[in-house]
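The values are calculated or read from the model by the stated rules, or taken from the named source; none is laboratory data. Only a predicted model underlies this, so the values are computations on that prediction, with no experimental measurement involved. Here the Cβ positions follow ideal geometry from the backbone for every residue, glycine too, while neighbour counts run over all protein chains shown. When the accessible area is computed, the model is the full protein with side chains, heavy atoms only, and any ligands, DNA or RNA have been set aside. Shrake-Rupley method; radii C 1.70, N 1.55, O 1.52, S 1.80 Å.
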Amino acid sequence: LQKTLILLQVTLSVVVGKTLMILFPNAMKRYILKMGEKSRMNQNPKFSYENWGPTFFSFKYLQFVLKVKWKRLEDEAYEGHPAPNTPVVTLGGEVRHLLDFMEDNRPLILNFGSCT
C-alpha cells in the first residue's frame with residue numbers, strides 16, 4: 001500500500017512539474033535553479049543548468065525518485081521491532097548489510113562520524 005501511495009504521489013508530482021515546465025518554462029527554470037542552490041548543484045561552473053535542469057520531471061527522474069523512496073521504506077526503524085538490515089559500505093568499498101556484522105549474542109555498536 002505504501003509503495004502504491006508513493007507511486008501516485010511521485011507520478012502526480014512529475015506530471016504537474018512537466019506540465020508547468022511546458023506552460024511556464026522561465027518560472028520553472030527559476031524554481032529549479034533555486035532548488036539547485038539548496039543542493040549546491042549549481043556551484044560547479046562546468047555543470048550548467050542545461051546539463052541537469054531539463055532532466056527534472058522526466059521519465060528517468062520518475063524512476064530514480066521512486067527507486068530512492070521505495071528503498072527508504074526498507075530502512076525505517078520502529079521502536080520494539082527488529083532493526084532493518086540496511087546496506088552499508090565498508091571502508092574498503094564493499095557493500096554489505098548491517099546485520100552481517102552481528103556475532104553470536106554480542107551487541108552491535110554503530111559509530112557514526114563525519115570526515116568533512
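Quick notes
- Compactness of the chain - radius of gyration and Dmax, Cα, Å: 19.4, 60
- Heavy-atom surface of segment 1-75, accessible at 1.4 Å and reported per residue (Å²): 78
- With the highest mean first, a sort of the peptides 9-18, 99-108 on other beta-carbon atoms found within 10 angstrom per residue produces 9-18, 99-108.
- Listed pairs 18/71; 29/60; 38/69; 29/69; 34/71 exceeding 22 Å between Cα atoms: 18/71; 29/69; 34/71
- Rounded if a/c under 1.5, otherwise prolate or oblate - segment 36-104, Cα gyration tensor axes: prolate
- Protection proxy ranking for 43-52, 19-28, using the average of other Cβ atoms within 10 Å per residue and placing the highest first: 19-28, 43-52.
- With every protein chain in place, the chain: carbon and sulfur % of accessible area (1.4 Å): 60
- Per residue, the average separation of C-alpha pairs within less than 8 Å and at least 6 apart gives the chain a relative contact order of 19 percent.
- Amide H contacts for residue 88 (H built 1.01 Å from N in the peptide plane; partners 5 or more residues away or on another chain; cut-off under 5 Å): 96, 97, 98.
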